[in-house]
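*Asks:* To start, I am sharing the structure in question, which I have written as structure tokens.
Here, each number is a calculation from the coordinates, and none is a lab measurement. Here the structure is a predicted model, which is why all the values come from computation and not from measurement. Note that each Cβ is placed from the backbone with ideal geometry, even for glycine, and that neighbours are counted across all protein chains shown.
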Amino acid sequence: MADSPIHPPEPAYLARLNPEQRRAVETLDGPVLVLAGAGTGKTRVLTARFAHILLSGRAWPGQVLAVTFTNKAAREMAGRVAAMLDRPAEGLWLGTFHSLCARMLRRHAEAVGLKPNFTILDTDDQNRLLKQVMEAAGIDHRRWPVPAVMGHIQRFKDRGLTPDRVTPAEADSDFAGGKLIELYRDYQARLLAVNAADFGDLLLSVTELLRTDAAVLADYHRKFRFILVDEYQDTNLVQYLWLRLLAQGSKNICCVGDDDQSIYSWRGAEIENILRFEKDFPGAAIIRLERNYRSTAPILAAASHLIANNEGRLGKTLRAAGNDTAGEKVQVLSLWDSDEEARAIGGRIEQFRRDGEQLSEIAVLVRAGFQTRAFEERFVAIGIPYRVVGGAKFYERQEIRDAMAYMRVLHQPADDLAFERIINLPRRGIGDTTLRTFHAHARAHRVPLYATAEALAPSQKGRVREALGELLRNFTRWREQIAGAGHVATVAAMLDESGYTDMWKNDKSPEAPGRLENLRELVRALADFENLAGFLEHVALVMENDEAADGERVSVMTLHAAKGLEFDTVFLPGWEEGLFPNQRALDEGGGRALEEERRLAYVGLTRARRRATISCAANRRIYANWQASIPSRFIDELPEDQIMRIGAEAARRAHAVSAPSWFVPGQRPGRLIEAGAWETAARPARDDALAVGDRVFHQKFGYGRVTLVDGEKVDVSFEKAGEKKLLDRFLEKA
DNA sequence: CGTCGTCTTATTTTT
DNA sequence: TAAGACGACG
């Protein structure tokens, strides 16, 4: 690199950007939408833009609002911005929608009827609270499951609808006996009563405040000169409203996203937000990032071809930026059943391992959680280290939630849900009857349970009075202790002196030692925070799976969990009609849902750098019995010249194409797929077409009669197994 | 208050 | 099939 004497050296953060990326970084004024395809350097653009705003002197760190969906993304951005600035970035308004809103809401808590130390409830607490509300309203929670009612309430919140804003037409009139709005209203009242907010409230309350309080809004307008938003395609309506309100000030809002990766509609995300951007923000610059630095040409071609089947896209075509235009074709494996699928994939991974590939660069991405099981079993059997990403979280464990409840009561005595959880834990002889009395009293006098307990303790009888008195005295003492001894020592003392630790020490179950270890870990984590409030906020909003990405393991996870990740080698099993695209999704969401499923497939494919292998099984065990399945329509939407079909699918194509395309020169099929798989692979398409009424035999389902023929897909009514849709080649004429 | 048995239900879950 | 939730019962 020769130094130019004329031009000053470019800042490092601009130097390695391509022209589009550079435009996305340097277009600072006015609204900007950056359509960033998978692997096109989105994060680099976002952080470079952030750095550019600061280093060009356009704003101080505290004048930039940077919003992400995940804590991980926020952390990453913070780290990279700090690195670019060459100093720790302080005073940033950088975080998730929820953490930023929590920060705002604590400042303005009184304005919405909360105290600044309000508790942020998790799903479990939400449901418990709603259940109480439903019981009070006389709604049978068996007929109308609590999570379902909660789902409706959440959807209202996602759409920025307070109970007052919900029109009766929008509340499904039969649902919950027509009392949905009423339940919503009661639930919100209960939240205020226990000084708590749920996740949805964080956004809803702040947005409502910005909508109705011009002074507060003007304050934030003065404050934020630039707004940056990541993953814009996943915003829901209330998040959009929140952003739009805040952006009315400076108009400098930059949203980065990819409409083709919108996969969270079922959580309230509205892909329309990104599709409508130009209308919502007039004069917006639209910048497309289409140079993909991640995947090989065949993978990109497959992904692009597939996603082109969607309508209503903003339209972008990924191009390979690197010179790696060679690359292996995407393999499409057809297998007999799900066990064979696990064996085949396990076998290939073993081969990769022998070839010296890193297991941490291999991922199995499934549509639904239950699919992981077959892989786990297989990997255990053949000794492949793996990790299932997602699953039970640290803070969802019972002992952690219990300990958290103690801390919540310590910090915020009005937290009824927390108090209820620990009042008799460990057992203190304070049973249902006592609690019911307290509830009645609390409700009647509109005071928290804790205050009720204090008021009623002296009038209780013997054991209850003693135990309750001791607990309450202890809490008073612990609260006094915090100032002197500090929150870490106090919490440690609280867990011991309350008898909670002993409860687990005396527990003989095999999990008990682990739980004690988790509790110690929790207390250790407490030391990272200045005070209890900070820690509680962290756990509610930020704490995530502490599974360190340790060592050499294959990752197994859902497609949703894989968004944002990349691997050299990606396996995509279960591409079958019904599973993927998922029948249930289709039933609920129709054509829109199909497009979202397709986007999910697109996300899956674009996770792969070098190799992608799709597979489908002809038989899958779902619940009790075997289901026949036919290959996913998405397989037929792949570009034939970029894929290599192996197995029954190949045999089928072999009819149309002259050479048997499953034959890989120089590679014996037996090595490529296991013997069992070869059975399937070798099974040719049938040349004697079946007709309606034919009696047929199937290996798993026995005898049946053909009821419908659609090319090679036939419906059969089996004598024992009932109606099935399957490929004709698995049937024999009987 | 705890245990046992029955019933239900089974996609995805960034916060 | 299998796990989790809930209610009845001891």
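*Asks:* Would you pull out the residues with amide H under 5 Å of A:L94's amide H, same chain only if 5 or more places away, H placed 1.01 Å from N?
*Replies:* Here the answer is A:A66, since their amide H atoms fall under 5 Å of that of A:L94.
*Asks:* Size of the range A:522-602 along its principal axes in angstrom, Cα-based, largest extent first?
*Replies:* Sorted largest first, the three principal extents are 52, 34, 16 Å.
*Asks:* Taking every pair of Cα atoms in the range A:572-627, average 1/r, invert it to obtain the Kirkwood radius, and report Rg/Rh to two decimals.
*Replies:* Working: Rg = 12.7 Å, Rh = 12.3 Å.
Answer for the range A:572-627: 1.03.
*Asks:* Right, next: With θ set to phi - 60° and the Karplus curve 6.51 cos²θ - 1.76 cosθ + 1.60, what are the ³J(HN,Hα) couplings of the range A:471-476 in order, to the nearest whole Hz, using x for Gly and Pro?
*Replies:* After applying 6.51 cos²θ - 1.76 cosθ + 1.60, I find 4, 5, 4, 4, 4, 4 Hz.
*Asks:* Given R₀ = 45 Å, FRET efficiency for A:D636-A:I286 by Cβ-Cβ distance, to 0.05? Can you show the working numbers first?
*Replies:* Details: r = 32 Å, r/R0 = 0.72.
Using R0 = 45 Å, I get an efficiency of 0.90.
*Asks:* Roughly how compact is the range A:443-578, stated as its Cα Rg over 2.2 N^0.38 Å to two decimals? If you can, show how the numbers build up before the last one.
*Replies:* Values: Rg = 22.5 Å, N = 136, 2.2 N^0.38 = 14.2 Å.
Cα Rg divided by the expected 2.2 N^0.38 Å: 1.58.
*Asks:* When the scattering of the range A:178-275 is computed by the Debye formula from its Cα atoms alone, each counted once and equally, what is log10 I(q)/I(0) at q = 0.16 Å⁻¹?
*Replies:* Evaluating at q = 0.16 Å⁻¹ gives log10 I(q)/I(0) of -0.82.
*Asks:* Take the alpha carbon atoms of the range A:261-285, find their center, do the same for the range A:401-427, and report the distance between the two centers in whole angstrom.
*Replies:* Going from one Cα centre to the other spans 41 Å.
*Asks:* Report, in cubic angstrom per residue, the convex hull volume of the C-alpha atoms of the range A:233-381. Write down the numbers at each step before the final one.
*Replies:* On the way: hull volume 25.4 nm³, N = 149.
Convex hull of Cα atoms, per residue: 171 Å³.
*Asks:* Could you sort A:104-117, A:625-638 so that the peptide with the highest average Cβ count within 10 Å comes first and the rest follow in order?
*Replies:* Numbers: A:104-117: 16.1, A:625-638: 20.1.
Ranking the peptides A:104-117, A:625-638 by packing returns A:625-638, A:104-117.
*Asks:* Let me ask another. Quick one: which residues, 5 or more positions from A:N236 or on another chain, have an amide H under 5 Å from its amide H? H modelled 1.01 Å from N in the peptide plane, none for Pro or chain starts.
*Replies:* Hits under the 5 Å cutoff: A:E270.
*Asks:* Can I ask one more? Could you give the nm distance between label points at A:R276 and A:A83, where each point is 7 Å from its Cα heading toward the beta carbon?
*Replies:* 3.8 nm
*Asks:* Please arrange A:V364, A:V330, A:V692 by how many other C-beta atoms lie within 10 Å of their C-beta, fewest to most. The partial results should precede the final answer.
*Replies:* On the way: A:V364 29, A:V330 25, A:V692 11.
Least to most surrounded, the residues fall as A:V692, A:V330, A:V364.
*Asks:* Helix-only estimate, please: 222 nm mean residue ellipticity of chain A, summing -39500 (n - 2.57) across DSSP H runs of length 4 or more and dividing by its residues, to the nearest 500.
*Replies:* On the way: 31 runs with 339 residues, N = 734.
Rounded to the nearest 500, the figure is -14000 deg cm²/dmol.
*Asks:* Semi-axes of the range A:305-344's equivalent ellipsoid from the Cα gyration tensor, sqrt of 5 times each eigenvalue, largest first, rounded to whole Å?
*Replies:* On the way: eigenvalues 179, 73, 9 Å².
Output for the range A:305-344: semi-axes of 30, 19, 7 Å.
*Asks:* Okay, next question. Taking 19 Å as the cut-off for C-alpha to C-alpha distance, list the pairs among A:K42/A:K329; A:K42/A:K316; A:K157/A:K179; A:K115/A:K157 that go past it. Intermediate values should be presented prior to the final figure.
*Replies:* Numbers: A:K42/A:K329 26 Å; A:K42/A:K316 14 Å; A:K157/A:K179 17 Å; A:K115/A:K157 21 Å.
Where the Cα-Cα span goes over 19 Å, the pairs concerned are A:K42/A:K329; A:K115/A:K157.
*Asks:* Given Cβ point charges of +1 (Lys, Arg) and -1 (Asp, Glu) and nothing else, what value in debye, to the nearest 20, does the dipole of chain A about its Cα centre take?
*Replies:* Roughly 460 debye, rounded to the nearest 20.
*Asks:* Project the alpha carbons of the range A:64-157 onto their principal axes and report the range along each, largest first, in whole Å.
*Replies:* Principal extents (Cα only, largest first): 60, 27, 19 Å.
*Asks:* OK, next. Angle between the Cα long axis of helix A:372-382 and the longest principal axis of chain A, 0 to 90 degrees, nearest 10?
*Replies:* 70 degrees
*Asks:* Report the label-to-label distance for A:L192 and A:R473 in nanometres (one decimal), using points 7 Å from each Cα along the Cα→Cβ vector.
*Replies:* 3.8 nm
*Asks:* Subtracting the Cα-Cα distance from 0.36 nm times the residue separation, let me have the gained length for A:N18 to A:A525 in nm, one decimal. All intermediate terms of the calculation are to be shown ahead of the outcome.
*Replies:* Numbers: separation 507, 0.36 × 507 = 182.52 nm, distance 4.19 nm.
Length difference between fully extended and current span is 178.3 nm.
*Asks:* Tell me, in nm to one decimal, what length is gained between A:S56 and A:K461 on full extension, where the rule is 0.36 nm per residue of separation less the Cα-Cα distance?
*Replies:* Working: separation 405, 0.36 × 405 = 145.80 nm, distance 7.10 nm.
That works out to 138.7 nm of additional length.
*Asks:* For the range A:121-177, what is one quarter of the convex hull surface built on the Cα atoms, given in nm²? The partial results should precede the final answer.
*Replies:* Values: hull surface 16.1 nm².
Mean orientational projected area (the range A:121-177, Cα hull): 4.0 nm².
*Asks:* While we're looking at this one, here's another question. Relative to the compact globular guide of 2.2 N^0.38 Å, what is the alpha carbon radius of gyration of chain A, as a ratio? Write out the running numbers ahead of the final one.
*Replies:* Numbers: Rg = 29.1 Å, N = 734, 2.2 N^0.38 = 27.0 Å.
Compared with the compact-globule rule of thumb, chain A sits at 1.08.
*Asks:* Also, I was wondering about something else. Suppose the chain between A:D432 and A:A451 were pulled fully straight at 0.36 nm per residue; how much longer would it get relative to their current alpha carbon spacing?
*Replies:* Details: separation 19, 0.36 × 19 = 6.84 nm, distance 1.79 nm.
Length gained between A:D432 and A:A451: 5.0 nm.
*Asks:* Next question. Rounded to the nearest 5, what % of the DSSP beta bridges within chain A are antiparallel ones?
*Replies:* 35 percent
*Asks:* OK, next. Sequence-distant or interchain residues sharing an amide H contact under 5 Å with A:Y386, placed H: which?
*Replies:* Amide H to amide H, under 5 Å and 5 or more residues apart or across chains, A:Y386 pairs with A:V554.
*Asks:* With θ set to phi - 60°, apply the Karplus curve 6.51 cos²θ - 1.76 cosθ + 1.60 along the range A:73-84 and write out the HN-Hα couplings as whole Hz, x wherever there is a Gly or Pro.
*Replies:* 5, 5, 4, 4, 5, 4, x, 6, 5, 4, 5, 5
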